[in-house]
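Let me begin by presenting the structure, written as structure tokens, before commenting on it.
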Amino acid sequence: MKQLPDHATAAEPTTPASDVGRFLHRRREQIAQRWADEPLFRTVFTVSRDEAVEAGRVVVDALAQVADTGRVADADAAGFAAVREQLAGMVASRARFGLTSGQISTEVDGLRTPAVDLLLAELPQAPPEHLRECTAVLTVLMGTLRLVVLETSLSEGQALIDRQQLELMEAATPVIRLWDGIVAVPLIGTLDSARSQVVMETLLESVVDQQARFAILDITGVPMVDSLVAQHLMKTVEAVRLMGAECVVSGIRPAIAQTIVHLGLDLGTVVTRASLADALGYALNRLGADIVIATRGGAGPR
């Protein structure tokens with residue numbers, strides 16, 4: 001006859017999963033203490049060992065909750081939701097030390113042995129078949145935890161890539177103050193939807209901060225203008241206009257002009273200039289400034 005856990009009653013289910021759940025509840029402290037010495041916890045929680053133990057308790061509680069439901073192979077089981085944020089922080093910490101997702105997964109696998117050892121010590125008189133079943137359930141549960149950590153690692157990695165891409169786009173679209181009331185954005189490279197949004201937001205913030213009356217979009221470094229790029233430019237021009245400033249598009253090279261005409265794009269409401277210098281001259285004239293060109297024979301107005 002199978003040996004029941006200490007606090008189990010005849011009315012309670014005694015499936016391997018439920019027995020593993022009760023084991024985790026009962027041995028929560030011992031498991032957490034052992035995990036605190038494993039690399040994953042020891043290297044993440046360096047302030048104090050108590051911090052590592054408390055983190056271990058939280059993970060054990062989550063595993064026990066999953067085991068109670070019997071969904072030990074389900075990475076989407078509700079119990080894991082409570083520790084995903086903590087696991088994400090642990091994964092990020094190990095990643096900052098240069099560990100790959102595979103190495104982090106190996107560290108998670110290292111938590112399995114202490115838990116299995118305690119389970120074997122917990123059921124010394126249990127029938128061999130039941131002991132094998134409980135061990136298998138716990139092994140599957142720890143494997144699922146490993147999968148959850150791997151998914152979290154990949155998600156964190158993608159989030160980091162997204163943040164870096166955004167930072168690169170922001171760095172690649174600087175807003176330059178050319179004159180009092182005049183700002184400019186020199187665009188270089190392909191202008192896609194994501195980057196166009198960054199350009200618009202950055203330019204609008206600068207218009208407000210600098211109290212600019214003119215904003216120049218210089219597309220000299222944009223290799224190609226198609227209908228999508230033109231649409232992005234029009235949206236930016238309109239947004240700047242709504243902020244009370246005038247937007248000038250400069251860098252209209254002959255090839256780009258021909259492309260715009262060939263596509264039948266209507267930029268009639270947009271002020272365009274061939275170069276950034278021409279756009280700056282236009283804005284200065286609108287501001288009432290006199291531009292003087294110095295020559296050998298003296299200075300003359302422009």
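Since every read-out is calculated from the coordinates, none of them should be taken as a lab result. Since the structure is predicted, the reported quantities are computational estimates derived from the model, not experimental observations. Cβ coordinates were reconstructed from backbone atoms using ideal geometry, including for glycine residues, and neighbour counts include every protein chain displayed.
A few comments on the model shown:
- Which of L24, A115, G98, positive extreme of dipole for the range 16-165 (C-beta unit charges): G98
- In the calculated pair-distance distribution of the range 1-154, the portion above 20 angstrom amounts to 46 percent of the Cα-Cα pairs.
- Between helix 112-122 and the chain: long-axis angle, C-alpha atoms, 0 to 90°, nearest 10: 20 degrees
- Label positions at R49 and T14, each projected 7 Å from the Cα along the C-beta direction, are separated by 3.7 nm.
- Axis angle, to the nearest 10 degrees, between helix 193-210 and the longest C-alpha principal axis of the chain: 60 degrees.
- Based on DSSP H segments of at least four residues, each scored -39500 (n - 2.57), the chain has a per-residue ellipticity at 222 nm of -20000 deg cm²/dmol.
- Selection among G268, A239, Q125 by position relative to the dipole of the chain gives G268 as farthest towards the positive end (Cβ unit charges, Cα centre).
- Which of I216, V292, T139, positive extreme of dipole for the chain (C-beta unit charges): V292
- Each of M243 and N285 was given a label point 7 Å from its Cα along the Cα-to-Cβ line. The distance between the two points is 2.5 nm.
- Shape category assigned to the range 203-302 from the gyration tensor of Cα positions, a/c cut at 1.5: oblate
- Relative contact order (%) - criterion: Cα under 8 Å, at least six apart; region: the chain: 12 percent
- Among beta bridges that DSSP assigns inside the chain, antiparallel share in %, nearest 5: 35 percent
- Lys, Arg +1 and Asp, Glu -1 on Cβ, resulting dipole of the range 16-165 about Cα centre, debye, nearest 20: 180 debye
- Whole-angstrom Cα spans of the chain along principal axes, big to small: 110, 43, 30
- Cα long-axis angle, helix 276-286 against the chain (0 to 90 degrees, to the nearest 10): 70 degrees
- Two-site label geometry, T100 and D180: point separation in nm, points 7 Å out along Cα→Cβ: 6.0 nm
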